[in-house]
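Everything on this sheet refers to the single structure shown next.
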Amino acid sequence: IPVIELDDVTKVYPLPAGDVTALSGISIRIDEGEFVAIMGPSGSGKSTLLNQIGCLDRPTSGDLFLAGKNTREMDDRELTSLRLSSIGYIFQKFNLIPLLSAYENVEYPYIMKHRKNDDTGRVRDLLALVGIDESLSTHKPNELSGGQQQRVAIARALVNDPAILLCDEPTGNLDSQTGTQIMEALSELHKKGRTIVMVTHESEIAAYAERTIVIRDGRVA
Ligand code: ADP
Ligand code: ADP
């Protein structure tokens, strides 16, 4: 069953100097439990594609189906709620909230979804799962190494148990040894059945995925 399906998706950014067509007639199906890498040169549309799948933005034309539902038929509130419950996002620059502790960063999307603090132990368990010791959970992001910050970001992405994990250059800001550890953590999540879509320009990183989709000039190459 496809958990993600793009049908003839085009994304045009209107700019004063002229429109930029970032994606042009993209059709892709990704099945539940797949680990897919998206590769391509800088500016080819990889981040735009991930942002479409993540419902951070809507297609200019074409359709995006998530778990069989056409996102075009959802209003912004429904889309936000779908995003909070179905999609976890991991960024190259971690994007943790600087004023919040590691624990609070992971708990934040939980509170957004459930409108209350986590009283189930889920945040604590996820921090343990990604290898963040209890003693580090009170640390702010600037008191953590890059690898530790990305582990916290993975725990945050998982807190609402999303079906889909989207990763934009997840090892781009890490040294190669730390990057390998993060890729092993993602591989573990894939083995447990999580669907993962990852943007990377490094073939050694793409090698962790089962399938690679190459994007060139906004089209599937
Ligand atoms: P990458 O590292 O994937 O090449 P960039 O550094 O080019 O990404 O862009 C990062 C983000 O900045 C993009 O996902 C997009 O949201 C935004 N961006 C990129 N190019 C432009 C642009 N020409 N105008 C406005 N925003 C842009
Ligand atoms: P990649 O991730 O492969 O580097 P992007 O998706 O960031 O590519 O960018 C694809 C094209 O769209 C580029 O020409 C970029 O400048 C443009 N672009 C990306 N985001 C924006 C944006 N928010 N506004 C305008 N142009 C953008």
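Computed quantities for the displayed model
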{"read-out": "Rounded Å value of the spacing that divides the Cα centres of the stretch 1-30 and the stretch 59-129", "value": "22"}
{"read-out": "Ranked packing of 34-46, 111-123, most packed first, by mean Cβ within 10 Å", "value": "34-46, 111-123"}
{"read-out": "Over the stretch 86-154 - Rg/Rh using Cα atoms and the Kirkwood inverse-distance radius", "value": "0.93"}
{"read-out": "Residue-by-residue Karplus 3J(HN,Hα) for the stretch 133-140, coefficients 6.51, -1.76, 1.60, Hz, glycine and proline x", "value": "4, 3, 5, 8, 5, 8, 6, 7"}
{"read-out": "Helical contribution to [θ] at 222 nm, DSSP H n ≥ 4, -39,500 (n - 2.57), averaged over the chain, rounded to 500", "value": "-10000 deg cm²/dmol"}
{"read-out": "Subset of K46/K93; K11/K46; K46/K191 violating a 21 Å alpha-carbon distance limit", "value": "K46/K191"}
{"read-out": "Rg in Å to one decimal, and Dmax rounded to a whole Å, for the stretch 1-70 via C-alpha atoms", "value": "12.4, 42"}
{"read-out": "Amide H within-cut-off set for I90, under 5 Å, with H built and near neighbours excluded", "value": "L166, C167, D168"}
{"read-out": "Net lengthening on full extension, T80/D125 (0.36 nm per residue, minus Cα-Cα)", "value": "13.6 nm"}
{"read-out": "Convex hull volume per residue for the stretch 155-221, taking Cα atoms only, in Å³", "value": "105"}
{"read-out": "For the stretch 64-115, alpha-carbon Rg over 2.2 N^0.38 Å", "value": "1.37"}
{"read-out": "Residue-normalised accessible area of the chain, given per residue in Å² at a 1.4 Å probe", "value": "49"}
{"read-out": "Rg/Rh for the stretch 182-221, where both radii come from Cα atoms and Rh is the Kirkwood radius", "value": "1.01"}
{"read-out": "Base-10 log of normalised Debye intensity for the stretch 4-131 (one unit scatterer per alpha-carbon) at q = 0.11, 0.15 Å⁻¹", "value": "-0.50, -0.88"}
{"read-out": "Cα→Cβ-extended label distance, 7 Å offset, between V214 and N142, nm", "value": "4.3"}
{"read-out": "For the chain, the fraction of alpha-carbon pairs in successive 10 Å shells from zero, as %", "value": "8, 33, 36, 19, 3, 0"}
{"read-out": "Vicinal HN-Hα couplings computed from phi for the stretch 169-184 (Karplus, 6.51 cos²θ - 1.76 cosθ + 1.60; Hz; Gly/Pro x)", "value": "6, x, 10, x, 10, 10, 5, 5, 5, 5, x, 4, 5, 5, 5, 5"}
{"read-out": "Cβ-Cβ FRET estimate between Q177 and A207, R0 fixed at 22 Å, reported to 0.05", "value": "0.85"}
{"read-out": "Sequence-distant residues sharing a close amide H with S137 (under 5 Å, placed H)", "value": "none"}
{"read-out": "Ratio of Rg to Rh over the stretch 96-217 (Cα coordinates, Kirkwood Rh, two decimals)", "value": "0.98"}
{"read-out": "Other-chain or far-sequence residues with amide H under 5 Å of K11's (modelled H)", "value": "A22, L23, S24, G25, T60"}
{"read-out": "Residue-span extension gain [Y13 to N117] - 0.36 nm each, minus C-alpha spacing", "value": "33.6 nm"}
{"read-out": "Value of relative contact order over the chain, rounded to a whole percent, pairs C-alpha under 8 Å and six or more apart", "value": "30"}
{"read-out": "Accessible surface of the chain, 1.4 Å probe, proportion on carbon and sulfur as whole %", "value": "48"}
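The values are calculated or read from the model by the stated rules, or taken from the named source; none is laboratory data. Because the structure is predicted, anything quoted here is derived from the model rather than measured. Cβ atoms come from the backbone with ideal geometry, glycine included; neighbour counts cover every protein chain shown. For the accessible areas, the whole protein counts, side chains as well, though only heavy atoms, and no ligand, DNA or RNA atoms are used. Shrake-Rupley method; radii C 1.70, N 1.55, O 1.52, S 1.80 Å.
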